[in-house]
Amino acid sequence: MVISYNIEIKAGTKRTSIAETYNGGSKTVFISKNKIRIRLLSLMRIESLFFLPDTDSTLHIYQEKESGGKANPRQLSLSNWQELNLKYDSAYYKPVAGKSKKILGYNCKKAIIYLKDGRTITAYYTEALKPLRAICEPAFASLPGLALEYTYTYKSGSSTYTATSIKRETINPDIFLLKGKQPSHIRL
């Protein structure tokens, strides 16, 4: 399955050039059996996260920056990844009664996700699609379905991700190959 999202950045009263370069970017999630790739594309950068199992089912996480000419893959240990996502530890959601919308033909329920630092994420999710593995998108680990629209609000503005397409198709295995040096322990 391939899920594409549009990214809309709304800066506060002080517009920043960084926010403007991310505005109109995209996020694409590639899911094939037990492999997942999340690719972020913007005017400023292209970056992918790979969640790839080894032959013994050990999950390996790679971050690869594709912009700037040369791909630069970096393996992240599970503890490094968890450390990067500490803000989502203990995140929980509360449904917003009576609030829903259709996104790409899916009935989506509204929920507020509460983070331990007091921030929130507003999400519309569908129970008709399985959520990604919690390790891949820890902010949505508590949701009982796939988030098709979500908004992070912060002091200087907000970032909204809205699903623009969902395709159930066979994915070319090359999508899951790192462009930089392929680690020898991964056999795809």
Review point. Just checking, how many residues over segment 1-29 are of a type in the set (G, A, S), modelled with pLDDT of 80 or more and either in contact with a His (Cβ under 8 Å, 6 or more places away or on another chain) or part of a strand (DSSP E or B) (or both)?
Key: 2
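Residues checked against (1) modelled with pLDDT of 90 or more; (2) open to solvent by 70 Å² or more (accessible area, probe 1.4 Å); (3) part of a strand (DSSP E or B); (4) in contact with a His (Cβ under 9 Å, 6 or more places away or on another chain):
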{"residue": "I31", "(1), (2), (3), (4)": "yes, no, yes, no"}
{"residue": "L43", "(1), (2), (3), (4)": "no, yes, no, no"}
{"residue": "L49", "(1), (2), (3), (4)": "yes, no, yes, no"}
{"residue": "T55", "(1), (2), (3), (4)": "no, yes, no, yes"}
{"residue": "I61", "(1), (2), (3), (4)": "yes, no, yes, no"}
Check your understanding: What are the pairs, 6+ residues apart or on separate chains, where a residue within segment 63-76 that is closer than 11 Å to S48 by Cα and surrounded by 15 or more Cβ atoms within 10 Å (Cβ to Cβ) has its Cβ under 6 Å from a residue that is aromatic (F, W, Y) and at pLDDT 65 or above?
Key -> P73/Y62
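Let's see how each residue does on (1) outside any loop (DSSP other than H, G, I, E, B); (2) touching a Phe, Trp or Tyr at 6+ places or on another chain (Cβ under 8 Å); (3) touching a residue at least 40 places away in the same chain (Cβ under 8 Å); (4) open to solvent by 60 Å² or more (accessible area, probe 1.4 Å):
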position: E83; (1), (2), (3), (4): yes, no, no, yes
position: K109; (1), (2), (3), (4): yes, yes, no, yes
position: D117; (1), (2), (3), (4): no, no, no, yes
position: I121; (1), (2), (3), (4): yes, yes, no, no
position: A128; (1), (2), (3), (4): no, yes, no, yes
position: L132; (1), (2), (3), (4): no, yes, yes, no
position: Y161; (1), (2), (3), (4): yes, yes, yes, no
position: I175; (1), (2), (3), (4): yes, yes, yes, no
Review point. Would you call I61 among the hydrophobic types (A, V, I, L, M, F, W, C) and in contact with a helix residue (DSSP H, G or I) (Cβ under 7 Å, 6 or more places away or on another chain)?
Key: yes
Check your understanding: Scanning segment 135-159 for residues that are in a loop (DSSP other than H, G, I, E, B) and over 11 Å from the mean Cα position of the chain (by Cα), which turns out farthest from I9 (Cα to Cα)?
Key -> P144
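The values are calculated or read from the model by the stated rules, or taken from the named source; none is laboratory data. Quick caveat, the model's predicted, so the values are computed rather than measured. Every residue, glycine among them, receives a Cβ derived from its backbone with ideal geometry; neighbour counts consider all protein chains shown. For the accessible areas, the whole protein counts, side chains as well, though only heavy atoms, and no ligand, DNA or RNA atoms are used. Shrake-Rupley method; radii C 1.70, N 1.55, O 1.52, S 1.80 Å.
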